[in-house]
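Written below as structure tokens is the structure these notes are about.
Nothing in this text is a laboratory measurement; each read-out follows from the coordinates by a stated rule. The structure displayed is predicted, hence computed values, not measured ones. No Cβ is skipped: glycine too gets one built from the backbone with ideal geometry, and neighbour counts run over all protein chains shown.
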């Protein structure tokens, strides 16, 4: 398998893992405070990442890598998890898919600004069409009236797109799993106090779905998913592979329907097919 094809495979695995993030977060915030959830998931993932770095005897990042790693941490370790957890107190995970549909376009824009990539003009046509199909599909189910939730989700998408692009750029030098691991470790001095200060007075009322949600977002969404995702972005290109995120909403909606019994529109199959065609078109014109 050549490097580009490997990038698409790794990227797809990463997207499949991330697809469970919003339903898992929705389940977790039912019983956990959003701020505690953010601190706890980052702390758990950071401890695992630190152990991995020590076992694999990884060299510390250079001084000029610290600021980019902080940007990654602020985007994907702190920003996106916290903002989505807060937003999901006001909107359903199905509604949040409207905004996740904009993530591929946002990632591509930051890929140009921070990664130095220059996709062909036709790429942007397919990227815009793909985002429009996803947003349009989600909108057919009805737009909930929550300005606060919508603004939080929009901010989450922007910081996440920046974190993806910055992390992929840095992965060319440090390696994919090393970038997310060091970003998690850098966040540890902040996330541990956050988790401790928001520690629940009692865990008696916390149900099993919330515990499963916490475990998923800590291990898979916060660490394992990024191992595949950053590797895919480096191998296949930030703007190109980033378009695979168009599949994430449909995977997430399927999980939301299966696990949270949320309503999903019958038009999912048509919209998914449109997204597949847009990803194929974007792939062709990405370079």
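Over all directions, what mean area does the Cα convex hull of segment 3-284 project, stated in square nanometres?
Here the figure is 14.2 nm², rounded to one decimal.
R0 = 30 Å: FRET efficiency of residue 62 with residue 113, Cβ-based, nearest 0.05?
0.85
Regarding segment 30-77, what are the three Cα extents along the principal axes, ordered largest first, in Å?
Largest first, segment 30-77 extends 40, 25, 10 Å along its Cα principal axes.
Kindly put 173, 283, 3 in sequence by how many other C-beta atoms sit within 10 Å of each C-beta, fewest to most. Intermediate values should be presented prior to the final figure.
Working: 173 14, 283 19, 3 9.
Fewest-to-most ranking of 173, 283, 3: 3, 173, 283.
So for segment 168-287, what percent of the C-alpha to C-alpha distances run longer than 19 Å?
So the pairs more than 19 Å apart make up 64 percent of the total in segment 168-287.
When you count, for each residue, the other Cβ atoms within 10 Å and take the mean per peptide, how do 241-250, 211-220, 158-167, 109-118 rank with the highest first?
Highest-to-lowest ranking by the protection proxy: 241-250, 158-167, 211-220, 109-118.
Which order do 44, 238 fall in if you start with the one that has the fewest other Cβ atoms within 10 Å?
Lowest count first: 44, 238.
May I ask you to sort 261, 95, 90 by Cβ crowding, counting other Cβ atoms within 10 Å and putting the fewest first? Show your work: numbers first, answer last.
Working: 261 8, 95 24, 90 18.
Starting with the residue having the fewest Cβ neighbours, the order is 261, 90, 95.
For q values of 0.20 Å⁻¹, compute log₁₀ I(q)/I(0) with the Debye formula on a Cα-only model of segment 104-251, without solvent.
Log10 of I(q)/I(0), two decimals: -1.33.
What is the gain in length, in nm to one decimal, between residue 202 and residue 258 on full extension, counting 0.36 nm per residue of separation less the C-alpha to C-alpha distance?
17.2 nm
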